[in-house]
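See structure below.
The values are calculated or read from the model by the stated rules, or taken from the named source; none is laboratory data. Note that the structure is predicted; figures quoted are calculated from it, not measured. All Cβ positions, even for glycine, are placed from backbone atoms using ideal geometry, and neighbour counts span all protein chains on display. Each accessible area value is taken on the protein alone, full model and side chains, heavy atoms only, with ligands, DNA and RNA left out. Shrake-Rupley method; radii C 1.70, N 1.55, O 1.52, S 1.80 Å.
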Amino acid sequence: MHFSKRILDLDPAGETDRIVRFLQQNVRQKMKRHGGVVGISGGIDSAVVLGLTVRAFGPKNVVAVMMPDKDSDPISESLGRELAACFGVEPLLENITNALEGFNCYRRRDQAIQRVFPQYDASKGYKAKIVLPQDLLEAGTLNFFSVTIITPDGREETRPLPPRELLEIVAASNLKQRSRMSTLYFHAEARQFAVIGTANKNEFAQGFFVKYGDGGVDIQAIAHLFKTQVYQLARFLGVPEGIQKRIPTTDTYSAPCDQQEFFFRLPFETLDLLWFAKEQGIPVPEVASGMGLSEVQVQRVFDDIGRKQRTTEFLRLSPPALEPETSSVPEPAMAK
Amino acid sequence: MTDKTDNHQVEPPIRDFIATNLLYSKDFPHADDASLLREGIIDSLGVVELVSFLQTRFGVKVEQQEVRPENFDSVAKLAAFVRRKQAQAVA
């Protein structure tokens, strides 16, 4: 296979038809559900999945649910409404802030941040996010999380996260995705619909999702597509420009945090091509030449992708269960 | 507890820490130069735990830009990193 920067180009019409048939066959014929529920965030992935789901089941059999919380960027809701209108769906708004207050999500998260930054106080306007180093190509640093706070007057300060604080911040933040999952299943079960997943290949295979959160769905519509291919489908489906141009965000932390700084560490235009090349076994020198990178840089990215795939296998694993041990069951005693 | 003086005592506590906290085992079954990253022993939480351990156990300050495979990929590399940091602190 010859490597080039066009290697991930799709036939958007053909791919759309393939996904629509996949959704119809699985949701209607296998799951016996009438339609689909999609959580829309104002981001590109859920926008494309909404467009595909509407093509599969028609707008009357699709529910688009917006689920902001108090940390969400207000633009997410306005983009969500524009998206729903674009595909002829009436959007539902489910603000999950009260549910998260009930789970003590914010208090637990903020207490962990305060152990690293004692001055951090969300009620006074401090914001926070967790980030990875952004020098993967240049230095090949490992995935070592830090917490960044933004003071009310706009100054940023970053410190490394100790293990306990990292775990508690992530666990508290994951309550958001799990609350959204529960909300989506309410709407799906109330209508005999299926929950349609919005994870792309980058998120699903590298573990950038919450188990039983945004990973808790009935079917994955675009988990086979690289992010750059999702953009190709977005153009074909007519996703609003504002969503196509929006920088992919986690929309999870109170401070603005894009997906590159939180997890992927590279622009998707670079990451996707390198990942595809790695999967296809294209030699590093050929990839380096095609991308205008050094062989060391290509190898660093290959290594990082492999590490993330290996260390997040747990997220994609179904709960293991033992088979009944029939051989240990005693034979019934024979009557004499 | 910190140990800044006895260079010979660097590898054993590193092996013990990795065995107990990352392998969930009593023993460290790998060679000191075995790649912890290739074996999938260290994930992002494991990196954070290792940094915290090195700082607490050996009293060294680990900077974010030092958290790279050249320093963290094996017991041998971790030990060499600790010794370099300790030597820098003394100098």
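Given a 1.4 Å probe and the protein chains as shown, A:Asp71 ends up with an accessible area of around 20 Å².
Rounded to a whole number, what % of the accessible area of the protein assembly as shown do carbon and sulfur atoms account for, probe 1.4 Å? So the carbon and sulfur contribution to the accessible surface is 52 percent.
Near B:Lys85: Cβ cut-off under 9 Å, other residues only, Lys/Arg at +1 and Asp/Glu at -1. The net charge is +2.
Sorting A:Glu82, A:Glu269, A:Glu286 on solvent-accessible area from highest to lowest, probe radius 1.4 Å, gives A:Glu269, A:Glu82, A:Glu286. Straight-line cross-link partners of B:Lys85 among the aspartates and glutamates, defined as a Cα under 12 Å from its Cα and at least 8 positions apart when in the same chain: B:Glu63, B:Glu66.
Might you tell me the accessible area per residue for the protein assembly as shown, computed with a 1.4 Å probe and given in Å²? Walk me through the numbers on the way to the answer.
Working: 20610 Å² over 427 residues.
On a per-residue basis, the protein assembly as shown sits at 48 Å².
For region A:133-169, heavy-atom accessible area (probe 1.4 Å) falls by no less than 50 Å² from the chain alone to the full protein assembly at A:Leu142, A:Phe144, A:Pro163. If the cut-off is a Cα-Cα distance under 12 Å, which aspartates and glutamates reach A:Lys127, setting aside same-chain residues fewer than 8 apart in sequence? Of all the aspartates and glutamates, those that pass the test against A:Lys127 - Cα under 12 Å, at least 8 places apart if same chain - are A:Asp71, A:Asp110, A:Asp153, A:Glu156, A:Glu157.
Which is farthest toward the positive dipole end of the protein assembly as shown among A:Ile305, A:Leu273, A:Leu237, measuring Cα position about the Cα centre, with Cβ charges +1 (Lys, Arg) and -1 (Asp, Glu)? Going by the Cα projections, it comes out as A:Leu237. In chain A, the DSSP-assigned H stretches of four residues or longer account for a calculated mean residue ellipticity at 222 nm of -14000 deg cm²/dmol, using -39500 (n - 2.57) per stretch and the full residue count as denominator.
Once the Cα gyration tensor of region A:49-149 is found, what semi-axes does its equivalent ellipsoid get, as square roots of 5 times the eigenvalues, in whole Å, sorted largest first? Working shown, then result.
Working: eigenvalues 241, 92, 25 Å².
With the √(5λ) rule applied to region A:49-149, the semi-axes are 35, 21, 11 Å.
The interface between chain B and chain A buries about 1600 Å² of solvent-accessible area in total (1.4 Å probe, ligands and nucleic acids excluded). Across all directions, the average flat footprint of the convex hull enclosing the Cα atoms of chain B is 5.5 nm². Exposure check, 1.4 Å probe, all protein chains in place: A:Glu325 carries approximately 130 Å² of accessible surface.
Using the Cα centre as the reference, give the magnitude of the dipole from point charges on the C-beta atoms of the protein assembly as shown (Lys, Arg: +1; Asp, Glu: -1; all else neutral), rounded to the nearest 20 debye. All intermediate terms of the calculation are to be shown ahead of the outcome.
Details: 51 positive and 55 negative charges, 160 e Å.
Approximately 760 debye in magnitude.
If you average 1/r over all unlike Cα pairs in region A:138-191 and invert the result, what Kirkwood radius do you get in angstrom? Can you show the working numbers first?
On the way: mean 1/r = 0.0699 Å⁻¹.
It is 14.3 Å.
Pairs of Cα atoms in region A:103-234 fall into 10 Å distance bins, from 0 up to the last occupied one, in shares of 11, 29, 32, 23, 5, 0 percent.
With Cα atoms as the point set, the radius of gyration and Dmax of chain A evaluate to 22.2, 90 Å.
If you average the sequence gap of Cα pairs under 8 Å that are 6 or more apart and divide by the length of region A:181-277, what percent do you get for the contact order? After rounding, I find 21 percent.
Take A:Arg18, A:Arg81 and sort them by solvent-accessible surface of the protein heavy atoms, 1.4 Å probe, largest at the top.
Details: A:Arg18 125, A:Arg81 105 Å².
Ranked list, largest accessible area first: A:Arg18, A:Arg81.
Between A:Leu161, A:Pro133, A:Ala188, the Cα set farthest toward the positive side of the dipole of region A:121-213 (charges on each charged residue's Cβ, about the Cα centre) is that of A:Ala188. Can you tell me how region A:5-62 classifies by the Cα gyration tensor, rounded, prolate or oblate, using a/c under 1.5 as the rounded cut? Taking the square roots of the gyration eigenvalues as a ≥ b ≥ c, region A:5-62 is oblate. Per the Debye calculation on region A:1-114 with a single equal scatterer at every Cα and no solvent contribution, log₁₀ I(q)/I(0) for q = 0.15 Å⁻¹ amounts to -0.79.
Residues A:Lys211, A:Lys5, A:Lys60, A:Lys30, ordered by accessible area of protein heavy atoms at a 1.4 angstrom probe radius and largest first, appear as A:Lys60, A:Lys30, A:Lys5, A:Lys211. Cross-link pairs exceeding 26 Å in C-alpha to C-alpha distance, out of A:Lys5/A:Lys201; B:Lys26/B:Lys77; A:Lys30/A:Lys60; A:Lys30/A:Lys70; A:Lys201/A:Lys245, comprise A:Lys30/A:Lys70. Comparing A:Ser4, A:Asn174, A:Tyr212 along the charge dipole axis of chain A, the residue lying farthest to the positive side is A:Tyr212, per the Cβ-charge model.
If you find the alpha carbon centre of region A:236-257 and of region A:208-224, how far apart are they in angstrom? Measuring centre to centre over Cα atoms gives 18 Å. Taking all protein chains together and rolling a 1.4 Å probe, A:Lys127 ends up with roughly 90 Å² accessible.
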